[in-house]
Amino acid sequence: MSLIKDLFRESPFEPLRYHMKMVMECVSLIRPMFEAVRDHRYEDLQTLAKKIFKAEHQADIIKDDIRQMIPKRFFLPVYRGDLLGSVKLQDDMADSAEDLAVLLTIKDLDLPEALVQSTFEYLAKVEDVCKQTCDIADYLPTLVAGDMVGEEAERALSMIAEVEKAEWEADRLQYTLSQKLFALEDEMKGTDILLWFRIFGELGQLANFAEKTGDRLRRMLSA
């Protein structure tokens, strides 16, 4: 709690950056999990899932500390509800990573060779959406220093637009990948197809939460 309080003294956005770092620790473990499934390294997969569960729990603790440290006595250059909303959306990203860990470890899944390339292309785009959103969070203190106007604000809006574009591209990749998945219905168990469909959908949710985080930051700039 004292760390969060100290961060608030620096800037109301420093706790968001700190929380986002833990969120991205969760996100960074998703690719190794998919690689473990691809290579049938199921023990490694279980180990990675436990790391995500631990990181997501830490993100929850940070989120709760931030909520407790935004009393009315803090002067905020933005609407308090938008700040809390951003924390919630960032935490939703961590929750999606945790949900992916659960789905990928329900059973020893096999990723068909016909889906490998498209799956990792889709994953890379989702990672890109999350990374760009993290970059925006890193840029927030610079915005505060510039009173959230001028060239700094224009750059932030441009970064948010790039996140939206990347999320749209992720949606398109998800659709194509889902088509390829269901084209294998004669070769795969129906339960495996449905499970992979949920996994691909949860990746899409992760990108969606990242995009919504960027949109919330736009609201702060427009207030």
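Before moving on, here are some points about what is shown:
- Condition broken by residue 151, with the remaining ones in (1) free of Cβ contacts under 8 Å to residues at least 40 places away in the same chain; (2) closer than 19 Å to residue 90 by Cα; (3) not small (Gly, Ala, Ser) satisfied: (2)
- Within the option set 181, 173, 157, being farther than 25 Å from residue 58 by Cα and more than 22 Å from the chain's Cα centre (by Cα) holds for one residue only, 181.
- The listed residues are 173, 181, 177, 221, and the only one of them that is closer than 29 Å to residue 137 by Cα, at pLDDT 95 or above and not aromatic (Phe, Trp, Tyr) turns out to be 173.
- Residue ID - surrounded by the fewest Cβ atoms within 10 Å (Cβ to Cβ), chosen from residues in the stretch 168-194 that are among the aliphatic types (A, V, I, L, M) and under 14 Å from residue 115 (Cα atoms): 183
- The set of residues in the stretch 49-72 being in a helix (DSSP H, G or I) and farther than 12 Å from residue 98 by Cβ consists of 61, 62, 63, 64, 65, 66, 67, 68.
- Taken residue by residue, the stretch 136-146 has at least one member that is assigned to a helix (DSSP H, G or I), in contact with a His (Cβ under 9 Å, 6 or more places away or on another chain) and modelled with pLDDT under 95.
- Qualifying residue in the stretch 211-218 (condition: farther than 22 Å from residue 101 by Cα, of a type in the set (A, V, I, L, M) and at pLDDT below 95): yes
- Within the option set 128, 108, being out of contact with any strand residue (DSSP E or B) (no Cβ under 8 Å at 6 or more places or on another chain), at pLDDT 95 or above and assigned to a loop (DSSP other than H, G, I, E, B) holds for one residue only, 108.
- Taken as a whole, the structure places residue 122 among residues that are aromatic (Phe, Trp, Tyr) and surrounded by 20 or more Cβ atoms within 10 Å (Cβ to Cβ).
The values are calculated or read from the model by the stated rules, or taken from the named source; none is laboratory data. This structure is a prediction, so every number in the text was calculated from the model and none was measured. Cβ: placed from backbone, ideal geometry, glycine included. Neighbour counts: every protein chain shown.
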